[in-house]
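Novice: The structure follows.
The values are calculated or read from the model by the stated rules, or taken from the named source; none is laboratory data. Note that the structure is predicted; figures quoted are calculated from it, not measured. Please note: Cβ atoms are built from the backbone with ideal geometry, for glycine as well, and neighbour counts cover all protein chains shown.
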């Protein structure tokens, strides 16, 4: 089976053996394609488009575009960059890969147990093939959806991926495009979906040449943390919007990804109607048959629930789900008592906020955020199912944005972490794990990149100065001890150490997570099928614990009793239901005395 996404730009291998080159360069007077000793001019058409069809190129040909006989640039829609972002692009023939997963239809969202990973740091090889070697392990763990951090071509040999500049090209550090396709196909054979993290809010600071021949791609009418905003709503923005919409369709069709996670959509400034997010979601929905499950996930600091609304038959109108930072932040404050920066918004009424997340999705639904200088944050979640809110105890941001990349197990009582993990995995909302979390990995996940010269110095200084407002790093000497993101040692320290998994402590963590995920699959998921709304309520217990109840459409009742403090807690009336799971001695003590030991939870399920 062949899979190819046809795009109105880039290099396309045609049936007759020719290659079509097409570039949007409204700021250029002349464009040539350069490969080998050949320089061929592209014919200028309407609205800044240049095009050439030639029989002198073929799959494997390396090429550049020469702009106004002054600068050679890679193809912004390059499918492959074998020599990094400043090198030539390579013509790729998508039909060269033979797909054998035509029966795959994906999985319904209620099945989702998501596992976020960084391709380069997940294994010692740092390759797509290395991830493939761990697929059996992930399937045995119970993972149903692998989420890859961004793989779009970035400068250098190592990066988180959020500074990519060529969004159609899997980074050559990780392997060839066919290696990524093979990884996805092998995951499908094991019943696992594969999601891809994509970045549509900015380009990285090195290797983006769009401004030199298509300045209309950007606008000064909006500003972002990275400078000029991408032009989604101004004059000549149609080609810009199409570029990203086709990027989404390209990953979903040509690579058969099961979904995308859109990074920081709150930074995609767009005042048009429909905005680009809505248009993109509609294009995706209209591009695949209804029996093919495709899931779109967003990160949105504004908690704009309109993107999560459902139709009358409970299908997502635009996006399937959102990363729910609120539940992470509330749990983090409870487990660590850290209250600086954005954690300050969760320092009062923390248990109340956690209860709200577990029963209503967001905690902030229009409340004032002190961290955001008094701005109201969030919308009401009424009518939105809990499946729209992804819960997590760790992710790349919440570990990597710490100065030393500390995992939660390094800064919190292990009993507390187990209790919180049991909450995120067994509650109705879909859970997400970060690579290594399941075996209590000791390796940090630091911020790393591979810039050079003045840019490297600026990034290193900027990274360290980010922490200047934290008391611990108010001393410049202390800030200098924060690992240099450009140092290779910073990246190497972030690689998972799989040799530790055989050690008893790590094996205990792994067994713990396997048990939780198995319980979710066998006992919770069957009650989630077809559920658009369920009855949910919570009450705080002595301001130190939570009692939470969910009643599913089929009448089943799931109840949580949680003591998230270092002291024993009387939890009140015990549910008249079988115990599903308990941490520490929670499952015994709570039955006998109605008391939960420190940092413990007890789950009950009445079917």
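Novice: Take residue 504 and tell me if it is over 30 Å from residue 578 (Cα atoms), surrounded by fewer than 16 Cβ atoms within 10 Å (Cβ to Cβ) and modelled with pLDDT under 95.
Specialist: no
Novice: Further question: Can you find a residue that is in contact with a helix residue (DSSP H, G or I) (Cβ under 9 Å, 6 or more places away or on another chain), modelled with pLDDT of 90 or more and assigned to a helix (DSSP H, G or I) anywhere in region 535-544?
Specialist: no
Novice: Right, another one. Just need a number here: residues in region 21-48 that are more than 18 Å from residue 79 (Cα to Cα) and in contact (Cβ under 8 Å) with a residue 40 or more places away in the chain.
Specialist: Applying the first criterion (more than 18 Å from residue 79 (Cα to Cα)) to region 21-48 yields 25-32, 36-48.
Next, from what is left, pick out any that are in contact (Cβ under 8 Å) with a residue 40 or more places away in the chain: 25-28, 31, 47-48.
Adding up the residues that qualify gives 7.
Novice: Would you mind telling me which numbered condition in (1) in contact (Cβ under 8 Å) with a residue 12 or more places away in the chain; (2) surrounded by fewer than 24 Cβ atoms within 10 Å (Cβ to Cβ) residue 228 fails?
Specialist: Only one criterion is unmet by residue 228, namely (1).
Novice: Within region 149-160, can you find the residues that are out of contact with any strand residue (DSSP E or B) (no Cβ under 7 Å at 6 or more places or on another chain), closer than 23 Å to residue 434 by Cα and crowded, with 21+ Cβ neighbours inside 10 Å? Explain how you work it out, then say what you get.
Specialist: Of region 149-160, the ones out of contact with any strand residue (DSSP E or B) (no Cβ under 7 Å at 6 or more places or on another chain) are 154-160.
Next, from what is left, pick out any that are closer than 23 Å to residue 434 by Cα: 154, 157-160.
Within region 149-160, 154, 158, 159, 160 meet the criteria.
Novice: So which residues in region 330-350 are surrounded by 17 or more Cβ atoms within 10 Å (Cβ to Cβ) and closer than 12 Å to residue 420 by Cβ?
Specialist: Residues satisfying the conditions are 330, 331, 332, 333, 334, 335.
Novice: Would you check if there is a residue in region 465-487 being surrounded by 23 or more Cβ atoms within 10 Å (Cβ to Cβ) and either modelled with pLDDT of 95 or more or within 21 Å of the chain's Cα centre (by Cα) (or both)?
Specialist: yes
Novice: Still on this structure, I have one more. If you scan region 161-198, which residues turn out to be in contact (Cβ under 8 Å) with a residue 60 or more places away in the chain, buried (at least 23 other Cβ atoms within 10 Å of the Cβ) and part of a loop (DSSP other than H, G, I, E, B)?
Specialist: Within region 161-198, 163, 165, 171 qualify.
Novice: May I pose another question? Given region 363-474, what helices (runs of 4 or more DSSP H) lie entirely inside it while holding 3 or more residues that are touching a strand residue (DSSP E or B) at 6+ places or on another chain (Cβ under 9 Å)?
Specialist: Ranges flagged: 396-400, 414-426.
Novice: Going through region 66-90 one residue at a time, which ones are surrounded by 19 or more Cβ atoms within 10 Å (Cβ to Cβ) and more than 13 Å from residue 34 (Cβ to Cβ)?
Specialist: 76, 77, 78, 79, 80, 81, 84, 85, 90
Novice: Pick from region 133-148 the residues that are assigned to a helix (DSSP H, G or I) and touching a helix residue (DSSP H, G or I) at 6+ places or on another chain (Cβ under 7 Å): which of them is nearest to residue 434 (Cα to Cα)?
Specialist: If we take residues in region 133-148 being assigned to a helix (DSSP H, G or I) and touching a helix residue (DSSP H, G or I) at 6+ places or on another chain (Cβ under 7 Å), then 141 is nearest to residue 434 (Cα to Cα).
Novice: Also, I was wondering about something else. Within region 563-571, does at least one residue satisfy the condition of being closer than 17 Å to residue 604 by Cα, surrounded by fewer than 15 Cβ atoms within 10 Å (Cβ to Cβ) and under 32 Å from the mean Cα position of the chain (by Cα)?
Specialist: No: zero hits.
Novice: Ok, one more. For a quick check of your reading of the model, give me the residue pairs whose first member lies in region 3-17 and is under 15 Å from residue 245 (Cα atoms), whose second is modelled with pLDDT of 95 or more and assigned to a loop (DSSP other than H, G, I, E, B), with beta-carbon atoms closer than 6 Å and at least 6 apart or on different chains.
Specialist: 9/77; 10/75; 10/77
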